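Okay, here's the structure, questions in a sec.
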Amino acid sequence: MIQFRIPMLPEPKQGDRSCIVRGPGGRQFIHHYTPSKVKKNADALYLFACQYRPSTPFKGPVWLSLTFRYPWRKKDSRKVRALNERPKDTKPDWDNLCKQVCDVLQRAGYFRDDV
């Protein structure tokens with residue numbers, strides 16, 4: 001079993017962004033891209049995860065348990081903070097956060113892609 005804490009806030013990996021670009025000869029096409037903020041976060045997470053990667057990638061089913069902790073919001077009262085944990089009910093949503101972490105772990109060599 002491998003356990004580690006990531007001391008950073010993950011940037012959610014959402015679907016690729018798109019924009020219309022004018023190419024050579026004036027033709028327009030759709031350009032898909034990933035925002036640089038998301039790329040930088042994935043690169044930092046990759047460097048951190050590489051420290052803990054196994055010598056050989058895991059084979060078969062993998063159990064992954066993720067917990068994301070965010071700083072308290074300014075509007076959270078002392079009573080809420082005393083509970084020590086609260087569910088996150090604002091963006092980013094869970095699946096986009098997990099997608100970023102899973103893609104980085106796969107890229108770092110923890111497991112192979114499920115092709």
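Please go through (1) exposed (fewer than 10 other Cβ atoms within 10 Å of the Cβ); (2) within 25 Å of Phe4 (Cα to Cα) for Lys75 and return the number of the only condition it doesn't satisfy.
Here Lys75 meets the rest and fails (2).
Checking Val21 against (1) surrounded by 13 or more Cβ atoms within 10 Å (Cβ to Cβ); (2) in contact with a strand residue (DSSP E or B) (Cβ under 7 Å, 6 or more places away or on another chain), which test does it fail?
(1)
Any idea which residue in the stretch 45-93 is nearest to Leu9 (Cα to Cα), counting only those that are within 14 Å of the chain's Cα centre (by Cα) and assigned to a helix (DSSP H, G or I)?
Of everything passing the filter in the stretch 45-93, Leu45 is nearest to Leu9 (Cα to Cα).
Mind checking which residues of the stretch 94-115 are touching a helix residue (DSSP H, G or I) at 6+ places or on another chain (Cβ under 8 Å), over 15 Å from Pro12 (Cβ atoms), surrounded by 12 or more Cβ atoms within 10 Å (Cβ to Cβ) and not small (Gly, Ala, Ser)?
Leu105, Arg107, Tyr110, Phe111
In the stretch 25-61, what residues are at pLDDT below 85, closer than 30 Å to Tyr110 by Cβ and either surrounded by 11 or more Cβ atoms within 10 Å (Cβ to Cβ) or of a type in the set (Ser, Thr, Tyr) (or both)?
Within the stretch 25-61, Tyr33, Thr34, Pro35 qualify.
Given the structure, is Gln14 in a loop (DSSP other than H, G, I, E, B), polar (S, T, N, Q) and in contact (Cβ under 8 Å) with a residue 24 or more places away in the chain?
Values: in a loop (DSSP other than H, G, I, E, B): yes; polar (S, T, N, Q): yes; in contact (Cβ under 8 Å) with a residue 24 or more places away in the chain: yes.
Criteria met by Gln14.
Moving on. For Val101, state whether it is touching a Leu at 6+ places or on another chain (Cβ under 8 Å) and assigned to a helix (DSSP H, G or I).
Against the criterion (touching a Leu at 6+ places or on another chain (Cβ under 8 Å) and assigned to a helix (DSSP H, G or I)), Val101 qualifies.
On the basis of being basic (Lys, Arg), more than 13 Å from the chain's Cα centre (by Cα) and modelled with pLDDT under 80, does Arg5 make the cut?
In short, no.
OK, next. Quick one: is Lys13 touching an Asp or Glu at 6+ places or on another chain (Cβ under 7 Å), loosely packed, with under 11 Cβ neighbours inside 10 Å, under 25 Å from Pro71 (Cα atoms) and not β-branched (Val, Ile, Thr)?
On the way: touching an Asp or Glu at 6+ places or on another chain (Cβ under 7 Å): yes; loosely packed, with under 11 Cβ neighbours inside 10 Å: no; under 25 Å from Pro71 (Cα atoms): yes; not β-branched (Val, Ile, Thr): yes.
For Lys13, the condition - touching an Asp or Glu at 6+ places or on another chain (Cβ under 7 Å), loosely packed, with under 11 Cβ neighbours inside 10 Å, under 25 Å from Pro71 (Cα atoms) and not β-branched (Val, Ile, Thr) - is not met.
Then there is this: Take the stretch 92-109 and flag every residue that is without any contact (Cβ under 8 Å) to a residue 12 or more places away in the chain and farther than 14 Å from Leu66 by Cα.
The one that is without any contact (Cβ under 8 Å) to a residue 12 or more places away in the chain and farther than 14 Å from Leu66 by Cα: Gln106.
May I pose another question? Output the residues belonging to the stretch 18-36 that are over 30 Å from Gln100 (Cα atoms) and either touching a residue at least 60 places away in the same chain (Cβ under 8 Å) or in a loop (DSSP other than H, G, I, E, B) (or both).
Gly23, Arg27
The values are calculated or read from the model by the stated rules, or taken from the named source; none is laboratory data. Since the structure is predicted, the reported quantities are computational estimates derived from the model, not experimental observations. Counting neighbours? That spans all protein chains shown, and the Cβs are built from the backbone with ideal geometry, glycine included.
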